[in-house]
Amino acid sequence: MIESVLVPERDLIKEYLGDPSDIIDCPTPAQRLVFGPTRRRIPELYDLDNPAMLGVVQNQDSYAQGIAAQRPFYFDHVADLTDQAMAEFAALSGRQYARATGYRMEDAEYVIVGQGTVVTNAEAVADYLRAERGLKVGVLNLTMFRPSRPTW
């Protein structure tokens with residue numbers, strides 16, 4: 001299928017993303033523990049002044065504990081940081097994004113769920129099914145899929 005795409009200007013993207021070497025405030029407590037109160041926008045992988053181990057070999061139990069420990073320090077912050085990033089992009093570009101958006105969901109009895117380019121087509125299908133078949137169809141656009149954390 002051929003679709004139009006509206007690519008943001010290069011300068012807008014550069015302003016939004018910033019320079020990789022910019023010094024920014026660390027947005028989470030875990031990052032403040034690792035980097036201090038500020039860090040490079042894109043941290044350097046190897047820093048001889050602050051050595052760290054990467055990719056160490058560990059047994060399954062240690063690996064599982066490490067993954068579980070990431071939740072409060074990393075995963076629990078992803079939704080808020082994503083909302084903040086989307087709000088900043090909207091302020092610069094006028095394009096409003098959300099982690100999930102709905103189309104004709106107010107009275108929908110059926111919902112088509114999709115991500116990416118399929119959503120535009122799904123909206124057209126929902127309009128058709130409402131007009132021609134009398135079905136109350138809505139569309140859920142998952143811009144970001146993030147499973148909830150397990151309770152264990």
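The values are calculated or read from the model by the stated rules, or taken from the named source; none is laboratory data. What you are looking at is a predicted structure, and each value in this text was computed from that prediction instead of being measured. Here the Cβ is made from the backbone with ideal geometry for all residues, glycine too, and neighbour counts use every protein chain on show. Heavy atoms of the whole protein, side chains included, go into the accessibility calculation; ligands, DNA and RNA do not. Shrake-Rupley method; radii C 1.70, N 1.55, O 1.52, S 1.80 Å.
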(request) Specify the residue with the greatest mean-square fluctuation among Asp49, Asp127, Asp22, computed from a Gaussian network of the chain linking alpha-carbon atoms under 10 Å apart. (result) Asp49
(message) Let me spell out the model: positive unit charges on the Cβ of Lys and Arg, negative unit charges on the Cβ of Asp and Glu, origin at the Cα centre of the chain. What dipole size does that give, in debye rounded to 20?
(response) 320 debye
(request) Enter the accessible area per residue of segment 38-152 (Å², integer; probe 1.4 Å; all protein chains in place). (result) 76 Å²
(message) Assuming 0.36 nm per residue, please report the length gained on full extension of the stretch Thr82 to Arg10 beyond their Cα-Cα distance.
(response) 23.8 nm
(message) Is the C-alpha gyration tensor of segment 71-120 telling us rounded, prolate or oblate? Criteria: a/c under 1.5 is rounded; beyond that, a/b larger than b/c is prolate, otherwise oblate.
(response) oblate
(message) I want to make sure I understand the PRE zone here: with the label point 7 angstrom from the Cα of Thr117 toward its beta carbon, which residues in segment 73-105 have backbone N atoms less than 17 Å away?
(response) none
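May I ask you to list the GluC sites (Glu not before Pro) in segment 70-152 that are in a DSSP loop and have at most 16 other Cβ atoms within 10 Å of their Cβ?
Within segment 70-152, the qualifying GluC sites (Glu not before Pro) (loop, at most 16 other Cβ atoms within 10 Å) are Glu106, Glu109.
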(message) Taking R0 as 22 Å, what FRET efficiency do you get between Arg130 and Glu3 from their Cβ-Cβ distance, rounded to the nearest 0.05?
(response) 0.50
(message) Could you tell me the relative contact order of segment 14-152? Use alpha-carbon pairs under 8 Å, at least six residues apart, and round to a whole percent.
(response) 18 percent
(request) Please report, as a whole percent, how much of the solvent-accessible surface of the chain comes from carbon and sulfur atoms (probe radius 1.4 Å). (result) 56 percent
